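Here is the structure we will look at, set down as structure tokens.
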Amino acid sequence: MKKYAIFSALVMMLLSIMAETPSSSARRQRTTRLNLKTSDRNTMAQLQYDTLNVDSAEVKFSGYEKPLRSHRETMFVANNSKDTIKAMTLSIGYYDTSGNMLHQREVNITTNIIPGQRRMIDFPSWDKQQVFYYIKSVPSSRTRGSATPYTITVTPILILAGCNK
């Protein structure tokens, strides 16, 4: 009987403690951010996008660089068109010095190149094992014997232009 009374008293104490503690539904945590503002739909409606018919005089690619053991490739893009370039899809072909194709891929790039400007773009390298280097890159002492030089061709597939109207 004494054990039952002690057990009963313990249960009553636990129940009273639990009754005083707010439940998990009462202690809700706010997960939304404060002071968020919606975008102005009128401004977004004024910005129009168009695809450019790529003329070799309007968009120029130059200064490609990918040294040995680099994780990134870089090049310059000159925008000689009348519209701001917002994004582009490029087809890049990689060839060894004999002209054999090593790899070919399409790269999607988001950028902001205003008319008359030249910008450097960069993107992840295709060379995951880091054993190739661009033939015009400045060679290091370790480059010549342990790596393969290559050349590239760059063909724009799509150029997305944004213009304010």
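Just so you know, all these numbers are worked out from the coordinates, no wet-lab data involved. The structure displayed is predicted, hence computed values, not measured ones. All Cβ positions, glycine included, derive from the backbone under ideal geometry; neighbour counts span all protein chains shown.
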*Please say if segment 59-165 is rounded, prolate or oblate, where rounded means a/c under 1.5 for a ≥ b ≥ c the square roots of the C-alpha gyration tensor eigenvalues, and otherwise the choice is prolate for a/b larger than b/c and oblate otherwise?*
prolate
*Given the Cα-Cα distance of Thr153 and Ile135 and 0.36 nm per residue of separation, how much length would full extension add, in nm?*
5.2 nm
_If I model a spin label at Ser125 and Ser62 as a point 7 Å from the Cα along the Cα→Cβ vector, what separation in nanometres do I get?_
2.5 nm
_Under a crude label model (7 Å from the Cα following the beta-carbon direction), how far is Gln117 from Ser91 in nanometres?_
2.9 nm
